[in-house]
Amino acid sequence: MAIEPALADLKRRAVDGGALTAEVIPAHEVGFDERTVHKCQYGCPEYGRFLTCPPYTPAPSEFEKALRSYKWTIMLECELADLNRLVVEVEKAAMRMGYYLALGLKGQRCLLCEECVPPGEPCRDPLNARPSMSGLGINVFATLKNAGIERKLAMDGEDYTSWGLVLID
């Protein structure tokens, strides 16, 4: 599938903005597995503490319907400190290019606020908060593999980078 010139421009903008790597991936190659939410629930000490993660995000079965209507994605690898900023910048650049339904997702919990608001209260930064990929059912490692990107799981104490994904249609 040929990459549209606008997507190549978004990829370049991501790298110029600080991404370590950026890859355009057909949306059908995004790995999806509802079990990722169970990894959030049983393995993440932050489960239930952030509005951008389960149980406050859409159910994977609901999100998968939206995901499958997208044509392209841009996968971003970046330092954790740059993750949210880059995801939002690429999403907004895509919107300015006419991809009005572009949506950014992160491979981490929200780091915008030290502590999230209690459930039922509005987010303090809704213009910049983006949901967790795993919390929506996206299997990040399967997506990387499908895109031909080799990465291993970083374990405690190891250096690792973070991933973001911008859905584009």
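The values are calculated or read from the model by the stated rules, or taken from the named source; none is laboratory data. Just so you know, these numbers come straight off a predicted model, no measurement behind them. So basically every Cβ, Gly included, is an ideal-geometry build from the backbone, and we count neighbours across all protein chains shown. Please note that ligands, DNA and RNA were not included when accessible areas were found on the heavy atoms of the full protein model with its side chains. Shrake-Rupley method; radii C 1.70, N 1.55, O 1.52, S 1.80 Å.
Return the carbon/sulfur percentage of the accessible area of segment 21-63, one whole number, probe 1.4 Å, all protein chains in place.
Numbers: 1240 of 2330 Å².
Summing carbon and sulfur atoms, their accessible area is 53 percent of the total for segment 21-63.
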Please state, to two decimals, what the Cα-based radius of gyration of the chain comes to when divided by 2.2 N^0.38 Å (N = residues). 0.98
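In deg cm²/dmol, rounded to 500, what helix-only [θ] at 222 nm does the chain give when every DSSP H run of at least 4 residues adds -39500 (n - 2.57) and the total is split over its residues?
Working: 6 runs with 52 residues, N = 169.
Computed ellipticity for the chain at 222 nm equals -8500 deg cm²/dmol.
Filter the chymotrypsin sites (Phe, Trp or Tyr not before Pro) in segment 63-152 down to the DSSP loop ones having no more than 16 other Cβ atoms within 10 Å, then list what survives.
Tyr100
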Considering only protein heavy atoms, what per residue accessible area in square angstrom results for the chain with a 1.4 angstrom probe? 54
